[in-house]
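The values are calculated or read from the model by the stated rules, or taken from the named source; none is laboratory data. All figures in this text were calculated on a predicted structure; none of them were measured in a lab. Cβ atoms come from the backbone with ideal geometry, glycine included; neighbour counts cover every protein chain shown. Note: accessible area is taken over every heavy atom of the protein model, side chains too, but ligands, DNA and RNA are not part of it. Shrake-Rupley method; radii C 1.70, N 1.55, O 1.52, S 1.80 Å.
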Amino acid sequence: MQSEKWTQLWLDYHKMYDGKDSWIIAVTGFDKENTIIANALKEFTKGIEALTGETVLGTSEVMNALTFTVSQNVTLSKESYRIEGSHDGILLEASDENGVIYGVFAILRQIACGKKALEVEEAKAPSNPLRMMNHWDNMDGSIERGYSGDSFFFEDEEIVINDRTTDYARFMASIGINAVVINNVNVKGAASYLITDRYFDKVKELSDIFEGYGIKLYMSLNFASPIEIGGLDTCDPLDKEVIAWWQGKMKEVYEHLPNFGGFLVKADSEGRPGPFTYGRTQADGANMLGDVIKPYGGIIIWRCFVYNCTQDWRDTKTDRARAGYDYFKDLDGAYHDNVVLQIKNGPMDFQIREPVSPLLGGLQHTNQMLEVQIAQEYTGHQIDLCYLIPLYKEVLDFHTHCCRGKDTVADVVSGRTMGNALGGMAAVINTGDDENWTGNDLAAANTYGFGRLSFDTELTSEEIAREWIALTFNLPEKETTLLCNMLLGSRETYEKYTSPLGIGWMVTPMGHYGPSVDGYEYSRWGTYHRADHLGIGVDRTDKGTGYAQQYYEENAKMYNDPAACPEELILFFHHLPYTYMLKTGKTLIQHIYDSHFEGEKEAEDLSADWDKLKNVIPAQAFDRVRKRFDLQLDNAKEWRDQVNSYFYRKSGIPDEKNRTIY
Ligand code: GCV
């Protein structure tokens, strides 16, 4: 059963001051009946009343009232807004309805962060055309890699729609999200029927709710649909009957869902069907779907998470990290203009630290989108605190060297590098039907942060953390700084007590929580650390798998040379002896010991810091997080001890500081 109560996350407005005014609303250029405009005005009213105690009287003429003027300004770019407070009230200008709703939330955010209503001021255009959440929700109600309860979209193969759905859409709009994929990329069973009569009515209802907040609904697609629901014996993308089947299907989809955004496709990946079965390329598959959806203005988002998942650990040449680039680079320029390639931030799979995928910017003539994971699959299951915005920032700021100037990942995916209109950022979301949506209340900082960052990639991790704290908890300055610092350091803490220096994995197979140093070392997934009694790390240089050579020259050289390679990634690129001297003057093995002891100690500090916030955080939220810190401490100890013992035993080299190693 779905929880009947749920929190308001960062839209739980706190009274910021006692305002003395009342407000009227004036709308020019926009249709007040438009649902996005109506919802935006509702949000303004609700927010202003809660934040200032002032009443919004609607449009009736009232003497001496302040005016909230919403005005269309077609010179502004798509989805952008300008807000400006003055002694008369607030002016919000936007070119379209989405700009209006984002402008309203910007006003409320600024007030919640300490400005008076009449002081608000900002002009913003979104950094990315697509700002998308990917749900890995299954139709039975479970969520793949979900750590916050069950799905609030699906239960027992039915679509669930209630007030929570609307709140979800409000939250997403408030952080600038304009696209949501409702179902898991692993499309199986009932999910294959989402594009049939069985579900059209409910999907339409959901899509209408989203549309009211400027969000387009997308779905994940089963590439084998022509076989599974169409009765054909092939899904070869070049087969005439298959193409005709898809043409009919798209027509049907858009007859029922006129505002539908398009499809996300995981093909030829981890057992999912795809064009390779028929000797076709990824471009053949993506373009066929792109062509059949094009008449309706839809798009196809095609994932690049394609790799050989039946590897043998003895084979040191096959390298999973190479796979994305090897499969997709040669086809650069072959993808049609309504196809976007969605690329995970790193070449492996959402580890705590990976280099940036060389495909990002490696492709120079193809629409591309960055995929990150807010759901903490490998980063602590929303038990351990792990604020991921610094990781996303690192990726966005990375210079790919794909061209002179405008060569960062942020430039590439926004469309600035190539001048293309399609691209952006997608995240595997961390929500579920838990009362607080994200299991750990502090994990909502990642949900919030991803949206804000995808809208404005210039924001810093700290600005985002401070905003989220102000909106969610409205703490005094000292406590804000404390919590902010907890968030900002948490990713490195997690990295220290798990798998530092870019080695990744070492995690319990399947579940992906807790240590198992050799858990994936001999399996088929291509996730090896290659530790023996002399050293550890994967040789991805020109003498090894050659992965480092997939980058443009500047980066290739840097990664190829252990002396130039950023040390936080050194074991991703190099196999090194335990006695290798790091720049800190420590040997590799000593770094492994120190990092794990330090990480565990930092987890203890985080937990103790949380206790200092007891009096300022609402009791329920405090307790939920408290329990998680206890579990995080157990986890950190377990990681510390398992990893240290393993490497002590392997290397035979004792800890210089003589600490307890089991
Ligand atoms: C949805 C990893 C996860 C899978 C996930 C896959 C993907 O392998 O463990 O659960 O499947 O990534 O991104 O498709």
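Quick look at the values:
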| quantity | calculated |
| --- | --- |
| Pairs with Cβ under 6 Å, 6+ apart, first in the range 561-590 and open to solvent by less than 60 Å² (accessible area, probe 1.4 Å), second acidic (Asp, Glu) | Leu582/Glu567; Gln590/Glu656 |
| Test: residue in the range 19-27 that is more than 30 Å from the chain's Cα centre (by Cα) and exposed (fewer than 14 other Cβ atoms within 10 Å of the Cβ) | yes |
| Pair list, Cβ under 6 Å, 6 or more apart: the range 97-114 residue closer than 11 Å to Val70 by Cβ and of a type in the set (Asp, Glu), other residue in a helix (DSSP H, G or I) and open to solvent by 10 Å² or more (accessible area, probe 1.4 Å) | Glu97/Ile36 |
| Close pairs (9 angstrom Cβ cut-off, 6 or more residues apart or separate chains): without any contact (Cβ under 8 Å) to a residue 24 or more places away in the chain and part of a loop (DSSP other than H, G, I, E, B) in the range 434-459, of a type outside the set (Phe, Trp, Tyr) and surrounded by fewer than 24 Cβ atoms within 10 Å (Cβ to Cβ) anywhere | Leu459/Lys393; Leu459/Arg452; Leu459/Glu467 |
| Sole residue being in contact (Cβ under 8 Å) with a residue 12 or more places away in the chain and within 19 Å of Gly149 (Cβ to Cβ), chosen from Thr366, Thr417, Thr431, Thr400 | Thr431 |
| Whichever residue in the range 137-153 is in a loop (DSSP other than H, G, I, E, B) and of a type in the set (A, V, I, L, M, F, W, C) and, among such residues, is nearest to Lys5 (Cα to Cα) | Phe152 |
| Any hit, the range 500-514, residues being more than 27 Å from Gly652 (Cα to Cα), without any contact (Cβ under 8 Å) to a residue 40 or more places away in the chain and open to solvent by 20 Å² or more (accessible area, probe 1.4 Å) | yes |
| Condition check for Arg466: among the basic types (Lys, Arg), closer than 24 Å to Ala608 by Cβ and open to solvent by 20 Å² or more (accessible area, probe 1.4 Å) | yes |
| Residues that are small (Gly, Ala, Ser) and away from the ligand (no atom under 11 Å from the Cβ), drawn from the range 125-157 | Ala125, Ser127, Gly141, Ser142, Ser148, Gly149, Ser151 |
| Residue match in the range 351-366 (condition: within 30 Å of Asp605 (Cα to Cα) and more than 16 Å from the ligand (Cβ to nearest atom)) | yes |
| Segments classed as strands (runs of 3 or more DSSP E), wholly inside the range 1-101, with at least 3 members that are within 17 Å of Ala123 (Cα to Cα) and aliphatic (A, V, I, L, M) | 89-94 |
| Residue list for the range 158-192, filter: within 16 Å of the ligand (Cβ to nearest atom) and charged (D, E, K, R) | Lys188 |
| Matching residues in the range 225-270 - criterion: being in a loop (DSSP other than H, G, I, E, B), within 16 Å of the ligand (Cβ to nearest atom) and either open to solvent by less than 50 Å² (accessible area, probe 1.4 Å) or modelled with pLDDT of 95 or more (or both) | Lys266, Ala267, Asp268, Ser269 |
| Which numbered condition Ser499 misses (of (1) within 22 Å of Ile592 (Cα to Cα); (2) in a helix (DSSP H, G or I); (3) of a type in the set (S, T, N, Q)) | (2) |
| Some residue of the range 313-336 being within 30 Å of Asp542 (Cβ to Cβ), of a type in the set (Gly, Ala, Ser), part of a loop (DSSP other than H, G, I, E, B) and within 16 Å of the ligand (Cβ to nearest atom) | no |
| Test: residue in the range 540-560 that is at positive phi, among the basic types (Lys, Arg) and open to solvent by 20 Å² or more (accessible area, probe 1.4 Å) | no |
| Checklist (1) hydrophobic (A, V, I, L, M, F, W, C); (2) open to solvent by less than 20 Å² (accessible area, probe 1.4 Å); (3) outside any helix (DSSP H, G or I) applied to Leu206, failing item | (3) |
| Members of the range 523-542 found to be touching a residue at least 24 places away in the same chain (Cβ under 8 Å), more than 16 Å from the ligand (Cβ to nearest atom) and under 20 Å from Pro347 (Cα atoms), listed by number | His529, Arg530, Ile536, Gly537, Val538, Asp539, Arg540, Thr541 |
| Some residue of the range 591-606 being within 25 Å of Val356 (Cβ to Cβ), open to solvent by 30 Å² or more (accessible area, probe 1.4 Å) and without any contact (Cβ under 8 Å) to a residue 24 or more places away in the chain | no |
| Index of the failed condition, Phe398 passing every other in (1) touching a Ser or Thr at 6+ places or on another chain (Cβ under 7 Å); (2) under 24 Å from Leu613 (Cα atoms) | (2) |
| Yes/no for Pro347 being more than 29 Å from Lys251 (Cβ to Cβ), assigned to a loop (DSSP other than H, G, I, E, B) and either open to solvent by 50 Å² or more (accessible area, probe 1.4 Å) or more than 16 Å from the ligand (Cβ to nearest atom) (or both) | no |
| Options Asn430, Asn440; residue that is within 16 Å of the ligand (Cβ to nearest atom) and not aromatic (Phe, Trp, Tyr) | Asn430 |
| Residues that are within 16 Å of the ligand (Cβ to nearest atom) and either surrounded by 24 or more Cβ atoms within 10 Å (Cβ to Cβ) or farther than 19 Å from Gly504 by Cβ (or both), drawn from the range 374-387 | Ile374, Ala375, Gln376, Thr379, Gly380, His381, Gln382 |
| Every residue from the range 577-623 that is farther than 16 Å from Trp639 by Cα and among the aliphatic types (A, V, I, L, M) | Met581, Leu582, Leu588, Leu606, Ala608, Leu613, Val616, Ile617, Ala619, Ala621 |
| Subset of the range 295-312 that is open to solvent by 10 Å² or more (accessible area, probe 1.4 Å) and over 23 Å from Tyr551 (Cβ atoms) - its residue that is farthest from the ligand (Cβ to nearest atom) | Pro295 |
